[in-house]
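To keep things clear, I will list the structure first and then write my remarks on it.
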Amino acid sequence: MLLIHFLLFSSRFVGINASDINYSAGRYDPSAKPPFDIGLEGVGDVVALGLSASANYSVGQAVAYTKLGAFAEYTVVPAKDAVPVPAVKPEFLTLMVSGTTAYISLKELGGLSEGKKVLVTAAAGGTGQFAVQLAKKAKCHVIGTCSSDEKGAFLRSIGCDHTINYKTENVESVLRRSYPKGVDVVYESVGGKMFDLAVNSLATKGRMIVIGFITGYQNPSGLQPVKAELLPAKLLRKSASIRGFFLNHYFSEYNMALKDLLKMYEKGELVCEVDLGDASPEGRFTGLESVFRAVDYMYMGKNIGKIVVELPHSVNSKL
């Protein structure tokens, strides 16, 4: 593709995703050999554009984008893949991967309707926060697991009906006691023991959407294996189902989902919680060198909302 179709961005914020570990470990593309670019999303200002891109964009315009290799101060992106946003704010970045993952997976696979019971694991995380809110918009009863009272308070503030602190409560016992008939939908991103627990908690005709298994990303060998010989019987007994969701397979739905999410946020109907690391031991995540700290912070389960790294530099910096 000729450069006349591209935009050059000065990145101001980049998003941290659990998948960054899988990319850096080469699991998504085993043929890739280091060194290679990583990072999935960013938001910033247009600093230069190709001739054909000038019809729709202008220098200084705020734009968000998804592109492998987003961990960079300057990024070249095809104009067709850029998304104009009202301002260079990290809140818009939360929608690019995390928000669309929740929106599309629940819409396409969740079968949500009024009164259904929806369990969201890692509910206070980057994508969990959107699963909670979107399920509530569908008039469902939402249960969210989290690791602290602070996260529980945040979840209740965005509409979560029942929070379970898995550090201080036995999740399986709470679910069995509070929902003896099971839950209708599970939005699952943890894996390991939480996956097995969620399978056991499914109601008759229940559905589980697997969007990740973060407990196995850093150390796949330590991931508790699914007891494959037991799983078919469990699903058959309940007429239940498990579906995996990978955003790359649903790009035909992406633009519509993002447009709807942006509209909800601008109308004040959606909370886009951002965690810039201010509460982390070494402070705010600033500069590309802090990406490593931000990833560690996520895997320690400290974040509330989407983890974002700020790249502070002027759009007038010398290219």
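Structure above, values below:
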| read-out | value |
| --- | --- |
| Criterion (of a type in the set (Lys, Arg), in contact (Cβ under 8 Å) with a residue 40 or more places away in the chain and more than 22 Å from ILE307 (Cβ to Cβ)) met by exactly one of LYS33, LYS107 | LYS107 |
| Evaluation of LEU51 against (1) of a type outside the set (Asp, Glu); (2) crowded, with 19+ Cβ neighbours inside 10 Å; (3) at pLDDT below 95 (one fails), failing number | (2) |
| Selection within the stretch 286-304 - under 21 Å from THR127 (Cα atoms) and either of a type in the set (Asp, Glu) or in contact with a Lys or Arg (Cβ under 6 Å, 6 or more places away or on another chain) (or both) | ASP296, ILE304 |
| LEU106 vs. criteria part of a helix (DSSP H, G or I), surrounded by 23 or more Cβ atoms within 10 Å (Cβ to Cβ) and in contact with a Lys or Arg (Cβ under 8 Å, 6 or more places away or on another chain) | no |
| Considering residues of the stretch 271-286 that are in contact with an Asp or Glu (Cβ under 8 Å, 6 or more places away or on another chain) and farther than 22 Å from VAL132 by Cα only, the residue surrounded by the most Cβ atoms within 10 Å (Cβ to Cβ) | PHE285 |
| Subset of the stretch 67-87 [of a type outside the set (Ser, Thr, Tyr) and closer than 21 Å to GLU289 by Cβ] | LYS67, LEU68, GLY69, ALA70, PHE71, ALA72, GLU73 |
| Filter result for GLU229 (among the acidic types (Asp, Glu) and either in the same structural domain as VAL291 (by TED's automatic domain parsing) or at pLDDT 95 or above (or both)) | no |
| Some residue of the stretch 54-63 being without any contact (Cβ under 8 Å) to a residue 12 or more places away in the chain, over 24 Å from GLU253 (Cα atoms) and surrounded by fewer than 17 Cβ atoms within 10 Å (Cβ to Cβ) | yes |
| Filtered residues of the stretch 39-62 (kept if among the aliphatic types (A, V, I, L, M) and out of contact with any Gly (no Cβ under 7 Å at 6 or more places or on another chain)) | VAL43, VAL47, ALA48, LEU49, LEU51, ALA53, ALA55, VAL59, ALA62 |
| The stretch 165-219, subset within 20 Å of the chain's Cα centre (by Cα) and part of a strand (DSSP E or B), residue surrounded by the most Cβ atoms within 10 Å (Cβ to Cβ) | TYR187 |
| Test: residue in the stretch 261-270 that is loosely packed, with under 12 Cβ neighbours inside 10 Å and in a helix (DSSP H, G or I) | yes |
| Candidates ALA138, ALA131, ALA124 - the one that is of a type in the set (Gly, Ala, Ser) and free of Cβ contacts under 8 Å to residues at least 40 places away in the same chain | ALA138 |
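The rows are residues; the columns are (1) among the hydroxyl-bearing types (Ser, Thr, Tyr); (2) surrounded by fewer than 22 Cβ atoms within 10 Å (Cβ to Cβ); (3) modelled with pLDDT under 90.
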| site | (1), (2), (3) |
| --- | --- |
| ASP37 | no, yes, yes |
| GLY42 | no, no, no |
| LYS67 | no, yes, yes |
| LYS139 | no, yes, no |
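Table: residues versus (1) in contact with a His (Cβ under 8 Å, 6 or more places away or on another chain); (2) at pLDDT below 95; (3) assigned to a helix (DSSP H, G or I).
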position: THR101; (1), (2), (3): no, no, yes
position: GLY115; (1), (2), (3): yes, no, no
position: ARG156; (1), (2), (3): no, no, yes
position: GLY159; (1), (2), (3): no, no, no
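The values are calculated or read from the model by the stated rules, or taken from the named source; none is laboratory data. Bear in mind that the values here come from a model prediction, so they are computed numbers and not experimental data. Positions of Cβ are backbone-derived with ideal geometry, glycine not excepted, and every protein chain shown enters the neighbour counts.
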